[in-house]
1. Could you derive backbone 3J(HN,Hα) for segment 64-80 from the dihedral phi with the Karplus parameters 6.51, -1.76 and 1.60 (θ = phi - 60°), listing whole Hz in sequence and x where the residue is Gly or Pro?
2. Give the span of the chain's Cα atoms along each principal axis, as three whole-Å numbers ordered largest to smallest.
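Only the coordinates and a few stated rules stand behind these numbers; no lab work does. None of these values were measured; they are calculated from a predicted model.
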Amino acid sequence: QVQLVESGGGLVQPGGSLRLSCAASGRILSMYSMGWYRQIPGKQRELVAKVFRGGSTNYADSVKGRFTISEYNARNTVDLQMNNLKPEDTAVYYCNAVRNFLPDIWGPGTQVTVSS
């Protein structure tokens, strides 16, 4: 069974930066489309950024120009570089893996708090 673990979350001031990393068990990362989602308590989980098998990417309008998703297949990780963070970016961030005909895989999440 594939497992995902997020890291890199923490407390930062507005305008600061964080780099989140998602590590996948095994050597299967290249076989999945990978994404980052976030969730605020009481609200539905929302897409932040996604990278597809062909290399194309998709970003939420709220993070375009500030966040970048990157895959590193050699070490089975997918990173989310977050720049110019805003208080509204505060959420639990989840790594996601998708492959046709298989259930979605989710990591346990990592907390990001943007506050002065």
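1. For segment 64-80, the Karplus curve yields 4, x, 10, 10, 9, 9, 9, 9, 10, 5, 4, 10, 6, 10, 10, 9, 10 Hz.
2. 42, 27, 23
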